[in-house]
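Read the structure below first, then the notes.
The values are calculated or read from the model by the stated rules, or taken from the named source; none is laboratory data. Note that the coordinates shown come from a computational prediction; the quantities given were computed from them, not determined experimentally. Note that each Cβ is placed from the backbone with ideal geometry, even for glycine, and that neighbours are counted across all protein chains shown.
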Amino acid sequence: MRILVAAACLAASLWAQDPPTVTRFEFDAAGERRAQWSVGGLRRNYFDERLPALFTRTLRLDEPLAGGASLDWIFTGAEGGVTVHIESRRVRLTQRYYDSYAHFPARPPKTRYPERIWDETGVELSAAPREIELVMDHKLSARLRVDGREVARQTCLMEMRRHQLAWAPPHGVTGGKLSGEIRRPAAGAAGVRVNPAAKRQTIYGFGGILSVPAWISLSEEGKRRWWDLLAEYNLWLHREYPNGYRLKPDLSNFDRLEDASPHYYGDNFPNGEISDFAYIREIRRRGGKVLFEFWDLPAWAKREHVAADGKRYPNAPDYGEYVRAMVGYCQISKEKTGAPPDVVGIQNEIVQPAEVWHGMIRRLRAALDEAGFHAVRIHMPDHSNLRGGTQAALAIRQSPEAWKLIDWAATHVYDYQSYFEDPDGYDRQIRAWREAAGDKPFLSTEFTVNHSAYQSWSYRTAFAQAQLYHKNMALMDASALIYCWTLLDVEQRSFGATRSLFVPDPARGFVPVPSSHQLRVFGAFSRRLPEGMWAP
């Protein structure tokens, strides 16, 4: 066995402490001549550095700005920019987007490019500012400090790449100077202590859901490239998103594409819920594993359940039909791919009363064993969020018999997005989950960025999500991280950038390409943690 150590932490412990850097700047308006043609813009100083996604930069003026003068500290990125506007007694923090024609106003300005203000905060000061600091932090914040005091904070998804200064002397003044410096803080050293004697989780793997229509859309070269990408990123857990409410009673259309249950995202074409046994056969041949679970059940597999308190559940399973469909999938998969799924889940994102879950678990285990599928493991029903997963675990534990039959604790963790701007606030829910799940090994079965406030392909959004991966591994002892989609066919870019790790690219001959920076940060974990590693 090899010992797992978080790669980022290990790397941090090896960094030498970088010293701070100071870059001087100076404006001198004396004798400046304007070009013959009219080009808008203030006098500028440009700084020769590429900014990281998260940074702190400090501007210090040698002398206060004169009355009537202004200084713009301009940060620019691919999607838009952040500007700190400084006057003698006020500052203003502005975010603007300029990456779409849709930002072009009805009455075009002289700038000749699309631009629209997204957020703006103005602050009156009691004294002329001398030190201004901009912080782009891990909480998706742009924070502005003036002379050591925070004066503005905005949610900011964009990352900046370069920065510059633009100075305007007081109106009517033909000369004048302004000087100061830009400071980059020192990077501190970090260390990690590892106790190899304390064994925690064993890595099961990484992966996600494949959209079968997206897979079919790939060219032959694209499909060959797909297998290379799975190997490169160690994405060998294939979570099935099978036919649900359209499944026929004779179970004949698990893999009939025209019968796929449509899954709609915005105005994209539906990425249907359906199986592809040829694909499963190939991923198994290459060493992959399969996790199977129904979401919505077909009408013929449902019945109404009336709980002891009189509450009615119209979508409860008919136990006999439910286990027949589950075992039937295992049998068909064995016939067509050579093996049943490695793990089956009770049900995805459907809340049932505790006694119904107990019945589903007991009957499914008995039916699998009777059919000879003793090696097929069972994970608990998935809730969409960790709080609900905790409640589900507690409900199942009301029956010690049912809880004993669960091989894997499992839940989605979509509610982490509510903590993007307070990531450590999620730890309280994690502690409650750990107590409820007990010593069961844990599958983190689904996550992505689907919160309407964070639909961005920026590194900053990806890094916000990456903190969830670290919490999964370090605090929740997850054995597996399973993204929502591994491959999704979309036209609306934000759906690919947030929901999926890859998308087919028609401009490159329908080969799979990374949809955003999400793949890079997810791969920082998946590529370095092969199956069988264990964490101290």
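Per-residue answers, yes or no, for (1) surrounded by fewer than 17 Cβ atoms within 10 Å (Cβ to Cβ); (2) closer than 30 Å to Gly287 by Cα:
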{"residue": "Val135", "(1), (2)": "no, no"}
{"residue": "Cys156", "(1), (2)": "no, no"}
{"residue": "Val192", "(1), (2)": "yes, no"}
{"residue": "Lys199", "(1), (2)": "yes, yes"}
{"residue": "Val212", "(1), (2)": "no, yes"}
{"residue": "Arg225", "(1), (2)": "no, yes"}
{"residue": "Asn234", "(1), (2)": "no, yes"}
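Restricted to segment 247-265, and to residues that are surrounded by 16 or more Cβ atoms within 10 Å (Cβ to Cβ) and closer than 21 Å to Gln492 by Cα, which residue is farthest from the chain's Cα centre (by Cα)?
Selected residue: Ser261.
Looking at Leu93 and the list (1) modelled with pLDDT under 70; (2) assigned by TED's automatic domain parsing to the domain that holds Glu124, which single condition is not satisfied?
In the conditions (1) modelled with pLDDT under 70; (2) assigned by TED's automatic domain parsing to the domain that holds Glu124, Leu93 misses (1) alone.
In this structure, is Ala392 in a loop (DSSP other than H, G, I, E, B), aliphatic (A, V, I, L, M) and either surrounded by fewer than 22 Cβ atoms within 10 Å (Cβ to Cβ) or in the same structural domain as Ile274 (by TED's automatic domain parsing) (or both)?
no
Hey, could you check segment 124-133 for residues that are in contact with a strand residue (DSSP E or B) (Cβ under 8 Å, 6 or more places away or on another chain) and aliphatic (A, V, I, L, M) and say which is surrounded by the fewest Cβ atoms within 10 Å (Cβ to Cβ)?
Checked segment 124-133; the qualifying residue surrounded by the fewest Cβ atoms within 10 Å (Cβ to Cβ) is Leu125.
Of all residues being surrounded by fewer than 22 Cβ atoms within 10 Å (Cβ to Cβ) and in contact (Cβ under 8 Å) with a residue 40 or more places away in the chain in segment 418-430, which is nearest to Asp99 (Cα to Cα)? Just the residue, please.
It comes out as Glu421.
Taking Pro340, is it modelled with pLDDT of 95 or more, in contact with a Ser or Thr (Cβ under 6 Å, 6 or more places away or on another chain) and farther than 28 Å from Tyr454 by Cβ? Give the steps one after another, and end with the answer.
Working: modelled with pLDDT of 95 or more: yes; in contact with a Ser or Thr (Cβ under 6 Å, 6 or more places away or on another chain): yes; farther than 28 Å from Tyr454 by Cβ: yes.
Taking the combined requirement at face value, the residue satisfies it.
Take the residues in segment 91-117 that are part of a strand (DSSP E or B) and in contact with a Gly (Cβ under 7 Å, 6 or more places away or on another chain); name whichever of them is surrounded by the most Cβ atoms within 10 Å (Cβ to Cβ). Show your work before the answer.
Filtering segment 91-117 down to residues part of a strand (DSSP E or B) leaves 91-97, 116-117.
Subset that is in contact with a Gly (Cβ under 7 Å, 6 or more places away or on another chain): 92, 95-97.
Numbers: Arg92: 17, Gln95: 21, Arg96: 18, Tyr97: 17.
Looking at the filtered set, the residue picked out is Gln95.
Filter segment 300-335 for residues that are without any contact (Cβ under 8 Å) to a residue 60 or more places away in the chain and of a type in the set (Ser, Thr, Tyr) and give the result.
Of everything in segment 300-335, those that are without any contact (Cβ under 8 Å) to a residue 60 or more places away in the chain and of a type in the set (Ser, Thr, Tyr) turn out to be Tyr313, Tyr319, Tyr322, Ser333.
Would you please list the contacts, defined by Cβ atoms under 6 Å and residues six or more apart or on different chains, that run from a residue in segment 191-213 that is closer than 23 Å to Arg434 by Cα to a residue that is charged (D, E, K, R)?
Here the result reads Arg200/Asp477; Gln201/Asp477; Ile203/Glu531; Gly205/Glu531, each pair linking segment 191-213 to a residue that is charged (D, E, K, R).
Check every one of the strands (runs of 3 or more DSSP E) wholly within segment 239-318 and list those with 1 or more residues that are modelled with pLDDT of 95 or more, of a type outside the set (S, T, N, Q) and closer than 26 Å to Asn450 by Cβ.
289-292
Please work out if Glu335 is under 30 Å from Asn234 (Cα atoms) and either surrounded by fewer than 21 Cβ atoms within 10 Å (Cβ to Cβ) or not assigned by TED's automatic domain parsing to the domain that holds Val449 (or both).
Answer is yes for this residue.
Among Val327, Val323, which is closer than 23 Å to Val351 by Cβ and not in a loop (DSSP other than H, G, I, E, B)? Outline the logic, then answer.
Values: Val327 fails: closer than 23 Å to Val351 by Cβ.
None of the other options fit; the residue is Val323.
Looking only at helices (runs of 4 or more DSSP H) that fall completely inside segment 420-536, which ones have 3 or more residues that are more than 12 Å from the chain's Cα centre (by Cα) and within 28 Å of Val192 (Cβ to Cβ)?
Details: elements: 427-437, 459-474, 493-499, 518-526.
Fully inside segment 420-536 and qualifying: 427-437, 459-474, 518-526.
Mind checking which residues of segment 395-414 are without any contact (Cβ under 8 Å) to a residue 40 or more places away in the chain, hydrophobic (A, V, I, L, M, F, W, C) and assigned to a helix (DSSP H, G or I)?
Trp403
Looking at segment 126-159 only, could you name the residues that are among the aliphatic types (A, V, I, L, M), farther than 13 Å from Leu93 by Cβ and out of contact with any Pro (no Cβ under 9 Å at 6 or more places or on another chain)?
Leu140, Leu157, Met158
Can you tell me which residue in segment 338-379 is surrounded by the fewest Cβ atoms within 10 Å (Cβ to Cβ), limited to those that are in contact (Cβ under 8 Å) with a residue 60 or more places away in the chain and part of a loop (DSSP other than H, G, I, E, B)?
Per the stated criteria, the residue is Glu349.
Is there a residue in segment 306-319 that is surrounded by fewer than 17 Cβ atoms within 10 Å (Cβ to Cβ) and within 16 Å of Ile396 (Cβ to Cβ)?
yes
Specify which of the listed residues (Leu297, Leu291) is closer than 25 Å to Ile482 by Cα and touching a residue at least 60 places away in the same chain (Cβ under 8 Å).
Leu291
Go through (1) assigned by TED's automatic domain parsing to the domain that holds Val513; (2) within 29 Å of Ala78 (Cα to Cα) one by one and return the number of the condition Gly180 breaks.
(1)
What do you reckon, is Ser275 of a type in the set (Ser, Thr, Tyr), within 26 Å of Tyr483 (Cβ to Cβ) and crowded, with 19+ Cβ neighbours inside 10 Å?
Yes.
Considering only segment 128-146, state which residues are hydrophobic (A, V, I, L, M, F, W, C), in contact with a helix residue (DSSP H, G or I) (Cβ under 8 Å, 6 or more places away or on another chain) and in a loop (DSSP other than H, G, I, E, B).
Hit for segment 128-146 is Leu140, nothing else.
Name the residue that is surrounded by the most Cβ atoms within 10 Å (Cβ to Cβ), counting only residues in segment 400-417 that are out of contact with any strand residue (DSSP E or B) (no Cβ under 9 Å at 6 or more places or on another chain) and charged (D, E, K, R).
Per the stated criteria, the residue is Asp415.
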